[in-house]
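What follows is a short report on a single structure.
Each reported figure results from applying straightforward, stated rules to the coordinates on display, with no laboratory input. Remember, predicted model here, so these are calculated numbers, not experimental data. Cβ placement follows ideal geometry from the backbone for every residue including glycine, while neighbour counts extend to all protein chains displayed.
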Amino acid sequence: MQHVLSVLDIQDQIRDILKQAQIFKEGPGGDEPLKGKTLAMVFEKSSTRTRISFEVAMYQLGGFPLYLSTSDLQLGRGEIIEDTARAMTRYVDGVMIRAREHQDVVKFSNHSRVPVINGLTNLEHPCQALADMLTILERKGTFDLKMVYVGDGNNVVNSLLLATALLGMDFTVACPSGYEPDPEILKEALKIAENTGSNLKVTHQVREAVMDAEVLYTDVWVSMGDEEEATQRLKDLQAYQINSDLLKLADPGAMVLHCLPAIRDQEITEEVLNGPQSAVWDQAENRLHVQKALLYLLLGD
Ligand code: CP
Ligand code: NVA
């Protein structure tokens, strides 16, 4: 049984998952490879894309998704994670969890009888990274390019560091001091990069970083759970906005990605978000296709 809590958990399968996602995206779908299978989707935080894409993916593969908010589960009244995992995984074939604390998902998986998928924690967002890689492959046809992330070195960035390292892509994170990605994940990514040839960097010099970038990426300045620090974050991250001026420094054919939701005039301007270089809506759609591939891999016979 395989859990996918981190991009590291699919390091040997990432290319196959992307290939299968392209097949699902192109093909008619037809048969129902997950007929009779159920997926519990546990949400401790809000979601638009993750919830809808997982729910629709299960339906389209012939399976059944159950949406479970932690506030409706006994978890919200004090039942411990271990007992929730022991009971829940007697009923279902897989569990997707969006949680505040990554360690809670690890704890759940340690007591689960079925595969567990990380649908975002404070540490990682592996399903998002898969959709991002598919979007880059579709538009550019290769991973032999340079991506620059501008903004907060958060959960999305941590997963992107691992995905780019595995796929041999060059990746620079431009963030203010104090907003760097997780040091352990960076160390792990650098180790992988030694073998794949990917050039990974973290810098505070945003304008220098974006020179010749072929992919520009950003995410919100205030992630779910960071709301108390909002005022300070908005101040600290101000110089790390993707706007037309910054975009001009990148490669003329550069594509812009954002995992969404976007907060206009904070991390990105409307002009760029919905401009000709933006691929964000394809990127959002691709959540569906990569998750179908992931569910097929984990829950298929
Ligand atoms: N990108 C992403 O995970 O979006 P949601 O928070 O809407 O699920
Ligand atoms: N970094 C953001 C991503 C949302 C999809 C958050 O954790 O809120």
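Sorting His3, His204, His289 by the number of Cβ atoms found within 10 Å of their own Cβ, with the fewest placed first, yields His204, His3, His289. In terms of surrounding Cβ atoms within a 10 Å radius of their Cβ, Trp281, Trp221 rank from fewest to most as Trp281, Trp221.
In whole Å, what three semi-axes, largest first, describe the equivalent ellipsoid of region 186-301 built from its Cα gyration tensor (square root of 5 times each eigenvalue)? Working through the eigenvalues yields semi-axes of 26, 20, 18 Å.
Kindly identify region 33-101 as rounded, prolate or oblate by the Cα gyration tensor criterion: order the square roots of the eigenvalues as a ≥ b ≥ c, call it rounded if a/c is under 1.5, otherwise compare a/b with b/c, prolate if a/b is larger, else oblate. In terms of gyration-tensor shape, oblate.
Exposure proxy shown here: for Phe64, Phe43, Phe108, Phe54, the number of other Cβ atoms within 10 Å sets the order, fewest to most, as Phe64, Phe43, Phe108, Phe54.
The fraction of Cα-Cα pairs per 10 angstrom bin, counted from 0 for region 120-167, comes to 26, 57, 16, 0 percent, rounded to whole percents.
Normalised by residue count, the chain yields a Cα convex hull volume of 123 Å³ per residue. Once the Kirkwood radius over Cα pairs is known for region 234-301, the Stokes-Einstein relation at 4 °C and 1.567 mPa s delivers a diffusion coefficient of 94 µm²/s. Within the chain, the whole DSSP H helices whose Cα atoms reach 20 Å or more along their own axis and whose mean Kyte-Doolittle score is at least -1.0 are 126-140, 280-299. Placing +1 on the Cβ of every Lys and Arg and -1 on the Cβ of every Asp and Glu, with nothing else charged, gives the chain a dipole about its Cα centre of roughly 620 debye.
About its Cα centre, how strong a charge dipole does region 202-262 have in debye, to the nearest 20, once Lys and Arg get +1 and Asp and Glu get -1 at the Cβ?
Value, rounded to 20: 180 debye.
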